[in-house]
Amino acid sequence: MKRHLLLLIAALSLSACKPADPGMALQNDYLQRLSNALDVPAAEPFNSDNLTHYRLPERRERLIEVPELRISLLELLVDVRHCPPLQQLISQRNSSLGKQLTASSRLAYEGDLLRATDACMAYLRSQKQAELHETLLQVATDKRKQLPGVFWNALNGSAEFERYLRFAPHSLPPNPPEDNAALDALEQLARLGATLPDNLPPSAEQLDPLFFALHASDQGGQLINSLATLTHTLNQGSQLLHSRQQQRPLCPTGQASERGRIAQNIFVKYYAGSLQPYLAAVDQRAQRWSSSLQTLAQVATLTPATQGYLHTLAGEEDSLWADFRAATALHVRRWQALLNSCGLAPGQSGWTGQPANADQ
């Protein structure tokens, strides 16, 4: 019993030593080492309150009013007795369960209904039932016009989509596992929205796995966190590099100095060796993620709140994604300027490409 208790205490102690947010710990470690190497004041820590800038608008601001199209359902049920699939779908919609369809189920239902309506109209044409054919054609035309609104309500009214786009308290971990199922699902939903109303929504059997993939992923919210924290980290690091060079150049004679070689070691070991692989992993996911959000932002009938939120996340300018890319490029330029000033940049005589043995 005593031995088991000691093992439990040891396990708890080890878990307590692990950082709660290893992605943020990696960034903080890099900034601290950079500050020490440059002999400048420490960088400002990331303020988690800044993440609230990426909070989803209220659901009521994102949902679209899609009026119910009511026709003489009883008459329709009688007249389309030769179209059983359409009869069944109309009956289903007017049942107690049908009136409680979730937003995503409503999208699948509308696709099924329009397919059944198209099939029924083909039958009615063959039977020369022009009056009922015209009635169904008008209903189908009106319902197709509503599809973008139904699509947006399916996304904005679903817990799955909300969860995927809600910022997380932690960033992506270093070496994050693949998240292809969720990224594929987001891409497929974006393509679906972009092709409405020409193409109809797929069945629930095809739609449900897409929403499930979004719900099963933690990386959507973690990605938002990582883009925000990395933008801060890179900009703070760029400021440290720039301020040191402006105030006290590391290599005033243009020749490698001891402090310059220390900085080179930080670049090789902690920027190129640790932070840059993490940046690459985040960037790889964010490219697909942002491209899908940009596609979604082009889908018709979205509310101003939804459009504004998608732009805040993934717009071409002044967005979380654009700011991250700009911060990444600036940080590379700052490092190039510093290393070039010491003759220690790649391609120069002082470049080694290998970290020094001494830990900085």
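Read the figures in this text as sums done on the coordinates, not as results from a lab. Worth saying up front: this structure is predicted, and the values here are computed from it rather than measured. All Cβ positions, glycine included, derive from the backbone under ideal geometry; neighbour counts span all protein chains shown.
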Q) What is the one condition in (1) surrounded by 19 or more Cβ atoms within 10 Å (Cβ to Cβ); (2) part of a loop (DSSP other than H, G, I, E, B); (3) in contact with a Leu (Cβ under 6 Å, 6 or more places away or on another chain) that Ser171 does not satisfy? A) (3)
**Q.** Residue tally, condition in a helix (DSSP H, G or I), under 24 Å from Glu160 (Cα atoms) and not aliphatic (A, V, I, L, M), over the range 96-140
**A.** 10
